[in-house]
Every structure is written in structure tokens, then in C-alpha cells.
Amino acid sequence: MNNKIRVKNSGIIKLQYHDDFPDGILVIGEAQKNIPFDIKRVYYISNLSNPKGVRGKHAHKKLEQYIFCVSGSFRLELDDGETKQSMLVDSPYYGIRLGTKLWHTMKKFSRDCVILVLASDYYNEKDYIRDYDEFLEYVSK
Ligand code: TYD
């Protein structure tokens, strides 16, 4: 995984983990400790069997999120309106910040890919920007 994030309102955290067991890896995230907000919502995405599938394609106005790939891998494309960055996310230890005003797209999922997202607030469709031109206008304000 490429550890240098160049887009605005993003970043990488590495969670505490225990992989010294012969039977798997344990990874721990705690609100207000390594996850810098109170987690109000958790969602996960699985059964990503369509190799041409694309998810995301939106930005948020106020929501803060961290995205993890707990199994397998996928490609995350980030765009802050000026800079674009594409990265392979393939480690259960690392979380990528999806801050506000950041257009993100997920694609190229491995068959075993499971994505976990920790969010700072409840689901609110009004917080989404789903139109790319509207996003560019919003970030240029
Ligand atoms: P969306 O956020 O667009 O998914 P993704 O970014 O993974 O492609 O959401 C897909 C649908 O699910 C959309 O109709 C909204 C709904 N949804 C909820 O009802 N609650 C939620 O917490 C989320 C994330 C989505």
C-alpha cells in the first residue's frame, strides 16, 4: 500500500494488531483513540463478485469516515477537486480517511474483498454529493 497521501482531507492510520497467533489476525480500532471521532455507524461491503463493479462515486459535505479492507484488496481512487490519487488497499491494518469534500471511487475488487467503513454520523442522503460537476463547484467555493 502506498503510504503517501497527496489529496486533501485524507490520510492513513495504522490500527493496533496482533498477528502473532497461528489462527488469524486481530485488529483493533477505538473511537477517539486511533479513530478520531465517535463512531455512529458501521457498514461493510461484501460479495463483490463483479470484477467490473464500481462503487462510491460521491463525496460528503460533513461526514468523516475511515475505510478498511479487512479481506482481499480493491483500488481506491480519491479526488479532492484538484489532485487525484489511486491506491491499492490490501491490508487489514490500515485505514484511509475519507474526509469531507473528497470524491471517492472503489473498484477492481478481489473475489474475497470485504470493505469496512467507520462513519462519524448516521446515514443522511442530504450529506451526499453524487454529481461530479456539483462536487467541483462545491469544493471551489
Ligand atoms: P452508497 O453510499 O451510494 O454506496 P457505495 O458508496 O458503497 O457505492 O449507498 C448505496 C445505497 O445504500 C443507497 O441507496 C443508500 C443506501 N445506504 C443506506 O441506506 N445507509 C447507509 O448507511 C449507506 C452507506 C447506504
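The values are calculated or read from the model by the stated rules, or taken from the named source; none is laboratory data. As the structure is a prediction and not an experimental result, all values here were calculated from the model. Counting neighbours? That spans all protein chains shown, and the Cβs are built from the backbone with ideal geometry, glycine included. The area values use the complete protein model at the heavy-atom level, side chains included, leaving out ligands, DNA and RNA. Shrake-Rupley method; radii C 1.70, N 1.55, O 1.52, S 1.80 Å.
Could you list, in sequence order, the residues of segment 4-44 that are in a loop (DSSP other than H, G, I, E, B), in contact (Cβ under 8 Å) with a residue 40 or more places away in the chain and more than 25 Å from residue 124 (Cα to Cα)?
The answer is 5, 6, 15, 25.
Residue 91: in a loop (DSSP other than H, G, I, E, B), on the phi < 0 side of the Ramachandran plot and in contact with a Cys (Cβ under 9 Å, 6 or more places away or on another chain), yes or no?
yes
Out of all the residues in segment 57-71, which are open to solvent by less than 20 Å² (accessible area, probe 1.4 Å) and in contact with a Ser or Thr (Cβ under 8 Å, 6 or more places away or on another chain)?
59, 60, 63, 65, 69
Kindly establish whether residue 126 is open to solvent by 70 Å² or more (accessible area, probe 1.4 Å), at positive phi and within 16 Å of the ligand (Cβ to nearest atom).
No.
Checking the structure you have, find out if any residue of segment 95-109 is at pLDDT 95 or above, within 12 Å of the ligand (Cβ to nearest atom), farther than 19 Å from residue 7 by Cβ and touching a Leu at 6+ places or on another chain (Cβ under 8 Å).
Scanning segment 95-109 turns up at least one residue that is at pLDDT 95 or above, within 12 Å of the ligand (Cβ to nearest atom), farther than 19 Å from residue 7 by Cβ and touching a Leu at 6+ places or on another chain (Cβ under 8 Å).
Of the numbered conditions (1) in a strand (DSSP E or B); (2) surrounded by fewer than 20 Cβ atoms within 10 Å (Cβ to Cβ); (3) of a type outside the set (S, T, N, Q), residue 82 satisfies every one except a single condition; which is it?
(1)
Can you name the residue in segment 94-125 that is in a loop (DSSP other than H, G, I, E, B) and of a type in the set (Gly, Ala, Ser) and, of all such residues, is nearest to residue 40 (Cα to Cα)?
Within segment 94-125, the match that is nearest to residue 40 (Cα to Cα) is 120.
Out of curiosity, is residue 52 within 26 Å of residue 38 (Cα to Cα), out of contact with any Lys or Arg (no Cβ under 7 Å at 6 or more places or on another chain) and not in a strand (DSSP E or B)?
No.
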